[in-house]
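Below is one structure; the comments refer to it alone.
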Amino acid sequence: MEQSHPDNRFWTDRNLSDLEFFSAKFKKHKYRRHSHFGYVVGVVVDGAEAFFCRGEIHTAGPGDIILVNPQSQHDGEAASELGWAYRVIYPREDHFLALANTTSPPRFLKSVVHDPELSARIVGLHQAAETKSDLIDAQFAWADILFQLVARHSEAKPTECIDRQDAKRIAMIEEILRAQAVIGVSLEAVAAQVGCSQWHLVRSFTRAKGISPHAFLLDCRLRHAKSLIDAGEPLAMASVAAGFVDQSHFTRHFVRAYGFTPGRYQANRAP
């Protein structure tokens with residue numbers, strides 16, 4: 001039996017409704033057939049895994065998403081001598097019912113799907129939860145990942161609902177996010193303040209503004225950081241003062257938004 005890789009890790013995130021995470025690398029390990037009470041959603045990040053599920057053998061390679069429904073018997077082993085590495089989350093049925101706006105627990109249609117955009121977001125959530133880099137990032141990303149899993153890859157589709165109070169709520173959400181961008185605010189707290197579900201908050205705001213609440217909050221932080229840099233603040237102080245957990249986190253979001261580094265921006269602003 002293969003010894004567990006020293007970097008393999010399993011943990012539960014209390015800030016994401018006790019969502020379970022698993023990050024692992026294997027070469028010779030073979031899972032015996034088993035099942036889970038909840039779902040298995042895994043992204044292969046290196047190598048390839050072969051596994052039995054729903055009566056047949058599947059192979060998942062880099063970037064593929066593995067989808068296993070509750071109570072579904074499955075196993076797993078390396079598809080080649082190189083082994084495989086993957087990141088796995090274990091959502092429960094109540095997670096989908098609360099955040100994906102479904103009236104009944106979804107059932108995934110395929111055991112392996114190739115969805116690069118969604119797999120990248122799942123890996124991003126996994127990394128954020130592992131490093132505890134940003135609670136707000138993780139909560140908003142988690143809600144939208146669940147919605148997209150249901151919308152793209154399950155037999156049930158989320159229900160889009162229109163609420164006459166959405167315009168008022170959206171203005172309130174925008175005000176809350178602007179006011180608390182630096183200190184941070186959870187998705188659950190914002191939803192409670194405006195009187196709607198977390199799912200409805202994310203979908204209605206995104207539909208109306210063309211940007212998710214999470215992206216809007218990041219934009220507020222970035223613009224505040226730029227104003228601090230304009231005022232002469234050092235980059236490290238500006239990043240923390242604007243609500244970013246560290247300078248590398250700030251730099252990554254800054255480059256993704258503007259196409260150049262905070263250091264380049266600071267140098268160009270210098271007299």
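The values are calculated or read from the model by the stated rules, or taken from the named source; none is laboratory data. Since the model is a prediction, treat every value here as computed from it, not as a measurement. Please note: Cβ atoms are built from the backbone with ideal geometry, for glycine as well, and neighbour counts cover all protein chains shown. To get the accessible areas, we keep the full protein, side chains included, count just its heavy atoms, and leave off ligands, DNA and RNA. Shrake-Rupley method; radii C 1.70, N 1.55, O 1.52, S 1.80 Å.
Quick notes on this structure:
- Region 206-241: number of residues that are over 23 Å from TRP142 (Cα atoms), open to solvent by less than 60 Å² (accessible area, probe 1.4 Å), among the hydrophobic types (A, V, I, L, M, F, W, C) and out of contact with any Asp or Glu (no Cβ under 9 Å at 6 or more places or on another chain): 4
- Taken together, the residues in region 58-77 that are open to solvent by less than 20 Å² (accessible area, probe 1.4 Å) and not in a loop (DSSP other than H, G, I, E, B) amount to 7.
- Residue satisfying condition, being within 26 Å of the chain's Cα centre (by Cα), modelled with pLDDT of 95 or more and under 17 Å from ILE145 (Cα atoms), within set GLY47, GLY83, GLY42: GLY42
- Taking the criterion of being of a type in the set (Val, Ile, Thr) and surrounded by fewer than 16 Cβ atoms within 10 Å (Cβ to Cβ), the only residue of region 80-115 that qualifies is THR103.
- Failed condition for GLN266, given (1) surrounded by fewer than 17 Cβ atoms within 10 Å (Cβ to Cβ); (2) more than 26 Å from GLU174 (Cα to Cα); (3) in contact with a Leu (Cβ under 8 Å, 6 or more places away or on another chain): (1)
- Count of region 259-271 residues which are part of a helix (DSSP H, G or I) and either under 19 Å from the mean Cα position of the chain (by Cα) or without any contact (Cβ under 8 Å) to a residue 24 or more places away in the chain (or both): 3
- Residue that is nearest to GLY184 (Cα to Cα) [pool: residues in region 205-242 that are free of Cβ contacts under 8 Å to residues at least 12 places away in the same chain and not in a helix (DSSP H, G or I)]: ILE211
- Positions within region 34-63 being out of contact with any Gly (no Cβ under 9 Å at 6 or more places or on another chain) and of a type in the set (Asp, Glu), in sequence order: GLU56
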